Amino acid sequence: MLTENDVIDFLVKYLKKREYEIISICNTGQRGNDIVAKKEDRFLIVEAKGQTSSDPNSKRYGIEFDTAQKKIHVAEAILKTMEIQDKYPNGTVAIALPDDNRHRNIIRDIKPSLKKLDIIIFFIDKKGNVAKL
């Protein structure tokens, strides 16, 4: 199972391979945008979510979030990306999620709206492969 930190780490590797400059990274104990990257003069700001808690002391650590929890996480990520869009209208926003059936189904059901909102989705599998929607 991927934690939020795993998702961030895999996506940073992916972006570096595509010649993005990584401006900042915030892992789960830090405040701020999870990933801020730049390619040419375009910024990419990413909000990441995991399948389980990143905190080894949490009761949820190692236990996969259920569908309701994943929906809440996706909703929070959408809100955060919309706030970022308002703050940085020239930036591109994205959400990075573990590539699992629950996350895929949630995104499938709202894909047209995400497209209208101009929010990119990255799915990351447990091997670190990234699929961009």
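Only sites in a loop by DSSP and with at most 15 other Cβ atoms within 10 Å count here; which chymotrypsin sites (Phe, Trp or Tyr not before Pro) in the range 1-81 make the cut? Walk me through the intermediate numbers first.
Numbers: sites: 10, 14, 20, 43, 61, 65; in loops: 20, 61, 65.
Taking the range 1-81 and a limit of 15 other Cβ atoms within 10 Å, the loop chymotrypsin sites (Phe, Trp or Tyr not before Pro) found are 61.
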Legend entry - Using alpha-carbon coordinates, inclination of helix 101-117 to the longest axis of the chain, degrees: 30 degrees
Legend entry - Rounded tilt (10° steps) of 67-87 against the dominant C-alpha axis of the chain: 20 degrees
Legend entry - Separation of the residue 55 and residue 17 label points, Cα + 7 Å toward Cβ, nm: 3.3 nm
Legend entry - ³J(HN,Hα), Karplus 6.51/-1.76/1.60, whole Hz, each residue of the range 48-58, x for Gly, Pro: 10, 9, x, 9, 8, 5, 8, 9, x, 8, 7
Inset, instruction - Specify the residue with the greatest mean-square fluctuation among 31, 60, 102, computed from a Gaussian network of the chain linking alpha-carbon atoms under 10 Å apart. - result: 31
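Please report the antiparallel percentage of DSSP beta bridges with both residues in the chain, rounded to the nearest 5.
Working: 12 of 24 bridges.
Once the DSSP bridges in the chain are tallied, antiparallel ones form about 50 percent.
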Inset, instruction - Using Cα pairs closer than 8 Å and at least 6 residues apart in sequence, work out the relative contact order for the chain, in percent. - result: 24 percent
Inset, instruction - State to the nearest 20 debye the size of the charge dipole of the chain about its Cα centre, where the only charges are +1 on K and R beta carbons and -1 on D and E beta carbons. - result: 300 debye
Legend entry - Estimated distance in nm for a label pair at residue 42 and residue 120, the labels positioned 7 Å out from Cα along Cα-to-Cβ: 0.7 nm
Inset, instruction - Please find, in a Gaussian network model of the chain (springs between Cα atoms separated by less than 10 Å), the residue of 29, 91, 62 whose mean-square fluctuation is greatest. - result: 29
Inset, instruction - Identify which of 39, 71, 87 has the largest mean-square fluctuation in a Gaussian network model of the chain, with springs joining Cα atoms closer than 10 Å. - result: 87
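We did not get these values from a lab; they are worked out from the coordinates using the rules stated. Treat the numbers as computed from the prediction; the structure is a model and nothing was measured. Positions of Cβ are generated from backbone atoms using ideal geometry, with glycine treated the same way; all protein chains shown enter the neighbour counts.
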